[in-house]
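Engineer: Dropping a structure here in structure tokens format, bear with me for questions.
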Amino acid sequence: MGVGRKILIGVGVVIGIAGVAAGSGYAWAASAAASKLSTTYDVHRVEFPIPFPLTAAEVDSVRAVRRAGGGSAADVTERELTAIATERAVARGKHLASSFYACAECHGQDFGGGVMVDDPAMGRLLGPNLTTGAGSRTLTYTAADWDRMVRHGVKPDGHASPMPSRDFFSMSDRELSDLVSYIRSLPPVDKTVPAVSLGPVSKILIATGRFPLSAQLHPTRHEIAHAVLPPPDVPDVTLGRHLAQTCSGCHGAEFAGGTIVEGPPDWPPAANLTPAGLSGWTYDDFRRALVEGRSKDGRPLRAPMSLLQKMAANMTEVELRALWAHFSALPPRPTPQ
Ligand code: HEC
Ligand code: HEC
């Protein structure tokens, strides 16, 4: 079961029963949820290339290779350069999708559609088909549409989407562009995924703010410029801080752990990843926790952390060391109660 699917279910059942019992409270919740979902949001219109072109240094090195092979540097055509840029972008996007940005959890391993939640209380929140096949929702998407949807939780028509975008807020333009290049390179899947239909519980959760719509988190965020490039690929705090944003949904904005607010009640609290929690840990202990799913004392880590193992297996040594550099440099903070 995917991380996304498990999130919300438990919270839903508890609040849902209370809410439905309240009757008239439910009528209020249904209309409050509908009004939150029908509000439109102003989001900046950014543009970025898909794929990102090769840098001047990369173009020079392609030309140098051509010369070394006995050809003329002038023979390298624009078309060839675009093909090489696409190939590299697809490879970077594939890496991102299999290590840090878990789109496939809800959109399916083939990106042809998947399940976030599907039960009578919560309703059906399905990840739509993002490939180029029949039933695709993204065929006409521009870079600006991808930005609004993925980094702001706002659909191209300006309405809030129920897709949780929090982990993607600080993605750079190039990372998003690389993900799009990768998704577009996948075999087309012909599948029409039904639109979201909210059950009584998700309406109550949305109305009461327990299931926050990403579009509503940090309302001032919609005008703030995004980084164009991710930090350089070196194992330092800067790259670590950037990648660790994808851990903050569970471990908290300050990484001090505690109850996972948006998770079901049967999830254990997230661990404190500041030196207060990881006291005495080495890089090898940290790496083992992620890649093998074991704590320092050998105890197997429980779900949902255990679900991250397959992503961690694809993280590079540089990325793992960067994460460790970031966590070990944080000020120690107590776990919130
Ligand atoms: C936790 C589950 C989840 C994750 C993770 C997730 N999505 Fe979604 N996504 C959804 C849901 C639910 C919708 C809304 C479906 C609807 O409106 O019918 C959605 C909608 C979308 C849409 C809008 C399609 C349309 O209707 O116009 C795009 C584009 C998209 N997601 C891209 C992505 C990308 C790229 C990633 C990874 C960076 C990602 N999603 C990660 C659940 C998820
Ligand atoms: C979906 C929620 C979720 C996400 C996302 C997540 N974690 Fe966790 N993590 C947890 C939970 C819950 C635990 C506690 C598991 C347990 O105690 O069995 C945990 C435990 C850990 C531990 C073990 C600490 C200890 O004391 O044993 C480490 C290390 C860790 N997480 C690192 C990370 C890193 C790094 C990321 C991001 C790349 C991340 N986690 C993303 C939920 C999450």
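Engineer: Got a sec? How would VAL117, VAL196 order by Cβ neighbour count within 10 Å, fewest to most?
Structural biologist: Ascending Cβ contact count within 10 Å gives the list VAL196, VAL117.
Engineer: What is the diffusion coefficient of region 226-310 in µm²/s, taking the Kirkwood radius over Cα pairs and the Stokes-Einstein relation at 10 °C with a viscosity of 1.306 mPa s?
Structural biologist: After rounding, the answer is 113 µm²/s.
Engineer: OK, next. Taking each pair of different alpha-carbon atoms in the chain once, compute 1/r for the pair, average those values, and report the inverse of that mean as the Kirkwood hydrodynamic radius in Å to one decimal.
Structural biologist: 21.7 Å
Engineer: What are the semi-axes of the equivalent ellipsoid of region 93-235, taken as the square roots of 5 times the eigenvalues of the Cα gyration tensor, listed largest first and rounded to whole Å?
Structural biologist: 24, 20, 14
Engineer: May I pose another question? Hey, can you rank 251-259, 33-41, 53-61 by average C-beta count inside 10 Å, highest first?
Structural biologist: Packing order, densest peptide first, comes out as 251-259, 33-41, 53-61.
Engineer: Compute the helix-to-body angle for 283-292: its Cα long axis versus the longest principal axis of the chain, expressed 0 to 90° and rounded to tens.
Structural biologist: 70 degrees
Engineer: So what's the angle, to the nearest 10 degrees on a 0 to 90 scale, between helix 9-21 and the longest Cα principal axis of the chain?
Structural biologist: The two axes meet at around 30 degrees.
Engineer: Further question: What do you get for the angle between helix 317-329 and the principal long axis of the chain? Use alpha-carbon atoms, 0 to 90 degrees, nearest ten.
Structural biologist: 50 degrees
FYI, it's all coordinate maths here, none of it is from the lab. Quick caveat, the model's predicted, so the values are computed rather than measured. Cβ atoms come from the backbone with ideal geometry, glycine included; neighbour counts cover every protein chain shown.
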